[in-house]
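The values are calculated or read from the model by the stated rules, or taken from the named source; none is laboratory data. Keep in mind the model is a prediction, meaning the values are calculated, not measured. Neighbour counts are summed over all protein chains in view; Cβ atoms, including those assigned to glycine, are modelled from backbone coordinates with ideal geometry.
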Amino acid sequence: MRVISGIYKRRRFEVPRTFKARPTTDFAKENLFNVLGGYLDFEDGTVALDLFAGTGSISIELVSRGCDRVVSVEKDRRHHAFICDVMQQVKTDKCIPILGDALKYISRGGGESFDFIFADPPYALKELPEIPDRIIESGLLKRETGLLVLEHGKDHSFTTHPYFVEHRAYGSVNFSFFMIRE
């Protein structure tokens, strides 16, 4: 796993081969962050939420690019421990790894809203089509200015969703963008 840009640029972290997580490819991640630059200035007090964090690849990228705080939710104990280890290696307190189920985290709402939410659920997760609605209804995404990006496979389309903004595809990786604009 490699950090693309920011203060930890070019840092590499060896992901154990036994992990079952499917990390976002460097190609897709780099292109995603190029697009995100048109939506967000990560160095402007951004608070982010990384759901289904897996290896923490997106979390470390967000911290590297200047997010004030990143909440990283992962339910696999080994993956959570890996995220904690990565954050200790770079000596940051800007990431808060939470060991827990992302769907339960969404349903609880947490009382906090985020500028940026990235969700990368397993592509076969039966609840995947409901994730944008669940996040929006939970109040986790800031109205008007908050951005949600959902990573998914090619067999899902969100173009008819009322808060859909755009879709990007990089190989087999698809990103759908949502904003609450009223």
The one condition residue 91 fails out of (1) surrounded by fewer than 19 Cβ atoms within 10 Å (Cβ to Cβ); (2) of a type in the set (D, E, K, R); (3) over 20 Å from residue 45 (Cα atoms) is (3)
Reported set for the stretch 3-49 where residues are closer than 16 Å to residue 85 by Cβ and either in contact with a strand residue (DSSP E or B) (Cβ under 6 Å, 6 or more places away or on another chain) or not charged (D, E, K, R) (or both) is 3, 8, 12, 13, 15, 16, 18, 19, 21, 23
Scanning the stretch 115-140 residue by residue, those farther than 20 Å from residue 162 by Cα and touching an Asp or Glu at 6+ places or on another chain (Cβ under 9 Å) turn out to be 120, 121, 123
Counting only residues in the stretch 14-50 that are β-branched (Val, Ile, Thr) and over 17 Å from residue 95 (Cβ atoms), the one surrounded by the fewest Cβ atoms within 10 Å (Cβ to Cβ) is identified as 18
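Among 128, 140, 147, which is the only one that is free of Cβ contacts under 8 Å to residues at least 60 places away in the same chain and either among the polar types (S, T, N, Q) or at negative phi (or both)? First the steps, then the outcome.
Working: 140 fails: free of Cβ contacts under 8 Å to residues at least 60 places away in the same chain; 147 fails: free of Cβ contacts under 8 Å to residues at least 60 places away in the same chain.
Criteria check complete, one pass: 128.
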Among the residues of the stretch 101-156, the number that are among the basic types (Lys, Arg), at pLDDT below 95 and farther than 12 Å from residue 180 by Cα is 2
